[in-house]
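J.: Below you'll find the structure I mean.
The values are calculated or read from the model by the stated rules, or taken from the named source; none is laboratory data. Note that this is a predicted model, so its numbers are computed, not measured. Every residue, glycine as well, gets a Cβ built from its backbone with ideal geometry; the counts of neighbours run over all protein chains shown. Remember, those area values only see protein heavy atoms, side chains included, never the ligands or the DNA or RNA. Shrake-Rupley method; radii C 1.70, N 1.55, O 1.52, S 1.80 Å.
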Amino acid sequence: MAAAGGAESSASGAPICVLVLGMAGSGKTALVQRLIASLHSKNSPPYVINLDPAVYELPFQANIDIRDTVNYKEVMKQYALGPNGGIVTSLNLFATRFDQVMKFIEKRQTASQYVLIDTPGQIEVFTWSASGTIITEALASSFPSVVVYVMDTSRSTNPVTFMSNMLYACSILYKTKLPFIVVMNKTDIIDHSFALEWMQDFEAFQDALSQETSYASNLTRSMSLVLDEFYNSLQVVGVSAVQGTGMDEFFEHLSKAVDEYEREYRPEYERLRKQLERAQKQQQEEQLKSLRRDMGSVAMENSPAVSGSAAESSLGPSELILTRGTLDPEEEEEEAQDSDTDDIDHKVTEESHEEPAFQNFLQEAKLHYLTRSNQ
């Protein structure tokens, strides 16, 4: 577990996010279960996140489970979707609240050095969906993140199938732009040495393809030349999720991947973040300048006199608003002397507002009183 400790120190205390991807049936969930057991045995419990809404039962306890937030079957029923469409929609709904997941990870970063993320069985649902990109980029922009591509070794003995797996791994590498580890699982069934030989020796792979005469074999023969550079920089490890073999070697590769993230990927993410901040700041400044121009033009149009406009133009829009309607002391005295309200006879004004009917009522009341007095 010394390699794992090296990964922790290189991450400067930040948890290491491990995104586990792979074809359906390759053993992703079984690998996550084995990683959890291995870390618990070393007194380093990980933070586990399940992103598969369609899984019936998990063989491990997840700290965050998408099934607690989104009901997969209800999504299918409500939106009239099939299985894959239901998974995509469930992930989209969950991605809208992934900022809360990020806060949970930040709170637990002192207690857990690893964050294990188990993805849906249908790899294309997560890899090529908008929600998968949002989740991956959110994690990678804040924490050291590594993509683990799980491959079924027992089903890759055919060179054409092997090449298909490698092409898919290559596409995910360039899609995620993150440190990448290929985990050849199920080595308890068949050793992965044949795959390593095919990746390192071009002639050995051509000999294996010589038995294939289909169009796919010709295409595979051509693609093997293209992927030669991809093989040179690829980290490959053979493990058995059932027996637990290869775990130490996996953590060694994980440590190297984290160092690669800190050395190459983090500076790029920091550059992109600063570039985004500068763009947002520039946009805010342009909007503020535009607002000042608009407010300045409105103030000039509403100005009663052209004189003094030069002095007002030096003021900002907020200052113009605050000073608009305030008067100097001299202007206040002139305003008080010239006030129209001093020329008003309020008594005359009040009497002029008396209704004629009310005056008639007063006269009739006086006559009635005089008549009663004479009697």
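J.: Out of E229, E197, which single residue is under 25 Å from A257 (Cβ atoms), open to solvent by 60 Å² or more (accessible area, probe 1.4 Å) and touching a helix residue (DSSP H, G or I) at 6+ places or on another chain (Cβ under 6 Å)?
T.: On the way: E229 fails: touching a helix residue (DSSP H, G or I) at 6+ places or on another chain (Cβ under 6 Å).
Result: E197 is the single residue among E229, E197 that is under 25 Å from A257 (Cβ atoms), open to solvent by 60 Å² or more (accessible area, probe 1.4 Å) and touching a helix residue (DSSP H, G or I) at 6+ places or on another chain (Cβ under 6 Å).
J.: Given the conditions (1) open to solvent by 30 Å² or more (accessible area, probe 1.4 Å); (2) under 23 Å from the mean Cα position of the chain (by Cα); (3) among the aromatic types (F, W, Y), and given that Y261 satisfies all but one, which numbered condition is not satisfied?
T.: Single failed check for Y261: (1).
J.: I want to confirm something. Restricting to segment 71-114 and keeping residues that are among the polar types (S, T, N, Q) and part of a loop (DSSP other than H, G, I, E, B), which single residue is most open to solvent (accessible area, probe 1.4 Å)?
T.: Initial filter on segment 71-114 (among the polar types (S, T, N, Q)): 71, 78, 84, 89-90, 92, 96, 100, 109-110, 112-113.
Now drop any that are not part of a loop (DSSP other than H, G, I, E, B), which leaves 71, 96, 109-110, 112-113.
Numbers: N71: 89, T96: 104, Q109: 66, T110: 121, S112: 1, Q113: 54 Å².
Across segment 71-114, the extreme among qualifying residues is T110.
J.: Filter segment 208-219 for residues that are surrounded by 12 or more Cβ atoms within 10 Å (Cβ to Cβ) and either modelled with pLDDT of 80 or more or among the hydrophobic types (A, V, I, L, M, F, W, C) (or both) and give the result.
T.: From segment 208-219, those surrounded by 12 or more Cβ atoms within 10 Å (Cβ to Cβ) are 208-209, 212, 216-219; that's our starting set.
A208, L209, A216, L219 - these are the residues of segment 208-219 that are surrounded by 12 or more Cβ atoms within 10 Å (Cβ to Cβ) and either modelled with pLDDT of 80 or more or among the hydrophobic types (A, V, I, L, M, F, W, C) (or both).
J.: Could you tell me which residue of segment 149-190 is farthest from A204 (Cα to Cα), considering only residues that are of a type in the set (D, E, K, R) and crowded, with 18+ Cβ neighbours inside 10 Å? Break it down into steps so the answer makes sense when it comes.
T.: Step one: list which residues in segment 149-190 are of a type in the set (D, E, K, R), which gives 152, 155, 175, 177, 186, 188.
Subsequent filtering for residues that are crowded, with 18+ Cβ neighbours inside 10 Å retains 152, 186.
Working: D152: 21, K186: 23 Å.
Step by step, filter segment 149-190, then rank; the result is K186.
J.: What is the number of the single condition among (1) farther than 20 Å from K107 by Cα; (2) part of a helix (DSSP H, G or I) that H40 does not meet?
T.: Only one criterion in (1) farther than 20 Å from K107 by Cα; (2) part of a helix (DSSP H, G or I) is unmet by H40, namely (1).
J.: Moving on. Starting from residues that are free of Cβ contacts under 8 Å to residues at least 40 places away in the same chain and aromatic (F, W, Y), keep the ones in segment 15-73 and report whichever is farthest from A95 (Cα to Cα).
T.: Across segment 15-73, the extreme among qualifying residues is F60.
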